Amino acid sequence: MPPATTSVIRTSYEQTRRQKFVERFFNLLVTHVPSHMFRQAFLRFGGATIGTDTAIMLGANIIGQESLVIGDNVSIGPDVMLDARGGLTIDDDVVIAGDSQIITGRHLVNSPDFAAELAPVHIGHHAWLASRVTVTMGVTIGYGAVIGACSLVTKDVGDMRIAAGVPAKERGTRESSLDYHPTYRPIIT
């Protein structure tokens, strides 16, 4: 099992004018520029921490980039949505396939003022999230874990565990030495 998530639940989210500008400009325009270096440089300018040899494919939508930490050799597929407002840490050698969503917040249904609640998400090294996975706030995905396509992850997933379904349930154990570094980085994407 991964260590317990230090889920500090927050009920407010503030951004500076610069952070708001970077977020909106990135999601409207920069995400469609066919250059990894340009997209990542722009996110770093907005406060994101991004490691080396990481690929963020075209169409990625990023909210709260100032609370986003991405390790080395990470591959983030096309049209992925990363909501980092509550804090999002993606360790080294992680693969997040296309159309996936990581969400660190929610609105409180019974709140009279549509109040929000935020909590961090942590994805351990060598985790693999297949296409169209959704991860919700406060979740820790352990190192080497695999999440099956179209799964909804609402609870922590242990190290080297395979989980799938809606909601995702642990289905097995991954047998791998994890001796690889995803370096898929097409020139124009």
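Coordinate-derived values only; no laboratory data. These numbers were taken from a predicted model, which means no experiment stands behind them. Here Cβ is always computed from backbone atoms with ideal geometry, including for glycine, and neighbour counts include all displayed protein chains.
In a DSSP loop and with at most 14 other Cβ atoms within 10 Å, the trypsin sites (Lys or Arg not before Pro) in segment 101-189 are LYS155. Distant-in-sequence amide contacts of MET81, defined by a placed amide H-H separation under 5 Å and a gap of 5 or more residues or a different chain, comprise ASN61, SER100, GLN101, ILE102. Within segment 34-144, DSSP assigns beta bridges of which about 10% are antiparallel (rounded to the nearest 5).
With kT/(6 pi eta Rh) evaluated at 37 °C and eta = 0.692 mPa s, and Rh the Kirkwood radius from Cα pairs, segment 17-173 diffuses with a coefficient of 212 µm²/s according to Stokes-Einstein. Counted over the chain, the DSSP beta bridges are approximately 20% antiparallel. Residues considered: LEU29, LEU118, LEU58. Largest GNM mean-square fluctuation over the chain, using C-alpha springs under 10 Å, is found at LEU29.
As a proxy for reagent exposure, ILE188, ILE103, ILE90, ILE76 were ordered by neighbouring Cβ count within 10 angstrom, fewest first; the result is ILE188, ILE103, ILE76, ILE90. Once backbone amide H atoms are built at 1.01 Å from N, VAL157 has THR140, ILE141, GLY142 as its partners under 5 Å, excluding neighbours fewer than 5 places away on the same chain.
Beta bridges assigned by DSSP with both partners in segment 108-188 are antiparallel in approximately 30 percent of cases. Taking Cα centre as origin and charging only the Cβ of basic (Lys, Arg, +1) and acidic (Asp, Glu, -1) residues, the dipole magnitude of the chain rounds to 460 debye.
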